[in-house]
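Engineer: If you scroll down you'll find the structure; I have some questions about it.
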Amino acid sequence: MRIAFYGSSLLSAWWNGAATYYRGLIRELALLGHHTTFHEPDAFDRQRHRDMDPPDWAEVRVWRADVAGLRAAIAQAADADVVVKASGVGVFDDELLDGVMRAARPDALRIFWDVDAPATLAEIRGDAAHPLRRGLPGLDLVLTYGGGPPVVTGYRELGAQRCVPVYNALDPTTHHPVSPDPRFAGDLNFLANRLPDREARVEEFFLRAAALRPGDRFVLGGNGWDGKAMPGNVRALGHVGTADHNAFNASALAVLNVARDSMAATGFSPATRVFEAAGAGACLITDAWEGLGLFLDDGEEVLVARDGADVADHLAALDPGRARAIGQAARARILAGHTYARRASQVDALLREHAAMRQAQPA
């Protein structure tokens, strides 16, 4: 099928955590015979911070982030068998949703793909006139990269015909074990951009743990942390490009994951970082959230912390041998059941099912 996908960016992970998710899924969908045209705006300096060239498994069309560029991008939806509007494009989100769904052919599948479903639901529940909420009944599918049963129920209650989680996963061709790199050597490494709805949790799980373990090395990667007060044993690197994520994860005794507030509250929302760390064979420490057991088992494949003191205790009890065993177990679990090849097969089946339903409807 020809898929028109309107998202934040495929070519740049700059302030764009969804890039890994988009890349893994669309690459595998291409192997299943689907052709995706990814429409992304020239916004937020992402085109100046590309971390990949246009791939041979997708066509990328960058549109100017103004009204004329918006109109031109919307018009191209008419060429597709499947039209996807993702959340969080960042510019003209409401206009894009309404425009591409109107421009789509009558027989095209219409999909909203939510990469931040807990936050989206919180936003639209209180606004009956919200464009997404008004448009839900006219969509064939809502897909989400997390959220589990609470998100499915929430979308159905607001009028969605069907909502299906398509979770984050691992692309073993891009995230895999590598040799440690002295640039990233640490006892606990943490990779995350600075965001308002995660900062308090970062302070608790990462910075408090660092204060409790003054003799350990804590390494922080990600945008936005300039000016943030931190213990002296924290080394802030700034942006770490995706090409260095394997080395970043492989160079620490343990790697930390901290969910955003809404995703931690909703559960069933493993971040891309969870799968990147597992792919590299890293020992992962994560904050606690419901649904984690669907992906990794506490104590054997991941270490779960409920606060910064728990993180510090895990580090105190961890030695290289145990860390290596946990990382290897996590990698084996994720490779067996949580790759983007599996996720793409799920999406392929959904597309074919809904296409067949559409064809069976009387003219």
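The values are calculated or read from the model by the stated rules, or taken from the named source; none is laboratory data. What you see is a predicted model, and the numbers here were worked out from it, not measured in a lab. Virtual Cβ from ideal backbone geometry, glycine too; neighbours counted across all protein chains shown. Each accessible area value is taken on the protein alone, full model and side chains, heavy atoms only, with ligands, DNA and RNA left out. Shrake-Rupley method; radii C 1.70, N 1.55, O 1.52, S 1.80 Å.
Engineer: Sorted by mean Cβ packing within 10 Å, highest first, what order do the peptides 195-201, 35-41 take?
Structural biologist: Values: 195-201: 15.0, 35-41: 22.7.
So the order, starting with the most tightly packed, is 35-41, 195-201.
Engineer: Which distance in nm do the two modelled labels at His130 and Gln328 give, with both placed 7 Å along the Cα-to-Cβ direction?
Structural biologist: Taking the simple label geometry, His130 and Gln328 are separated by 4.7 nm.
Engineer: Ranked from highest to lowest mean number of other Cβ atoms within 10 Å per residue, what is the order of the peptides 206-219, 162-175, 277-290? Intermediate values should be presented prior to the final figure.
Structural biologist: Numbers: 206-219: 18.9, 162-175: 20.4, 277-290: 24.2.
Highest-to-lowest ranking by the protection proxy: 277-290, 162-175, 206-219.
Engineer: If you roll a 1.4 Å probe over the heavy atoms of the protein chains, what accessible area per residue do you get for segment 125-211, in Å²?
Structural biologist: Working: 3580 Å² over 87 residues.
Accessible area per residue: 41 Å².
Engineer: Ignoring ligands, DNA and RNA, please state the percent of accessible area on segment 121-186 from carbon and sulfur, probe 1.4 Å.
Structural biologist: Details: 1580 of 2880 Å².
That share works out to 55 percent.
Engineer: Here's a follow-up. In nm, give the distance between the simple-model label positions of Ala336 and Glu95, each being 7 Å from the Cα along the Cα-to-Cβ direction.
Structural biologist: Going from the Ala336 label point to the Glu95 one covers 5.0 nm.
Engineer: Return one number: the angle in degrees, 0 to 90 and rounded to the nearest 10, between the long axis of the Cα atoms of helix 19-31 and the longest principal axis of the Cα atoms of the chain.
Structural biologist: Once rounded, the angle reads 60 degrees.
Engineer: Still on this structure, please answer the following. Suppose accessible area is computed on protein heavy atoms with a 1.4 Å probe; arrange His176, His338, His239 from highest to lowest. Walk me through the intermediate numbers first.
Structural biologist: Working: His176 60, His338 25, His239 85 Å².
Result of the area sort, largest leading: His239, His176, His338.
Engineer: Can you check what the net charge comes to around Ala192, using other residues whose Cβ is under 11 Å from the Cβ of Ala192 (Lys, Arg +1; Asp, Glu -1)? Numbers along the way, then the final one.
Structural biologist: Values: positive: Arg194, Arg198, Arg201, Arg260, Arg273; negative: Glu199.
Charge balance in the 11 Å sphere: +4.
Engineer: What ranking, highest mean first, results for peptides 302-314, 143-155, 349-361, 49-61 when packing means the other Cβ atoms within 10 Å averaged over each residue? Please report the intermediate quantities before stating the final value.
Structural biologist: Numbers: 302-314: 19.2, 143-155: 21.5, 349-361: 12.7, 49-61: 14.8.
Descending packing order for the listed peptides: 143-155, 302-314, 49-61, 349-361.
Engineer: If you average the C-alpha positions of segment 95-155 and of segment 182-226 separately, how far apart do those two centres end up, in angstrom?
Structural biologist: 34 Å
Engineer: Does a label point 7 Å from the Cα of Glu203, set along Cα-to-beta-carbon, have any residues of segment 297-311 with amide nitrogen under 20 Å, and which are they?
Structural biologist: Answer for this model: 306-311.
Engineer: Set the Förster radius R0 to 45 Å, insert the Cβ-Cβ distance between Asp313 and Arg61 as r into 1/(1 + (r/R0)^6), and round the FRET efficiency to 0.05.
Structural biologist: Numbers: r = 50 Å, r/R0 = 1.11.
Approximately 0.35, to the nearest 0.05.
Engineer: Now, a different point. Rounded to the nearest 0.05, what FRET efficiency do Asp53 and Thr173 give with R0 = 25 Å and r taken as the Cβ-Cβ distance? Could you check?
Structural biologist: On the way: r = 16 Å, r/R0 = 0.63.
In this case the efficiency is close to 0.95.
Engineer: Same structure, new question: Which percent of the Cα-Cα distances in segment 218-299 go past 23 Å? All intermediate terms of the calculation are to be shown ahead of the outcome.
Structural biologist: Details: 889 of 3321 pairs.
Counting pairs separated by more than 23 Å, the tail of P(r) holds 27 percent.
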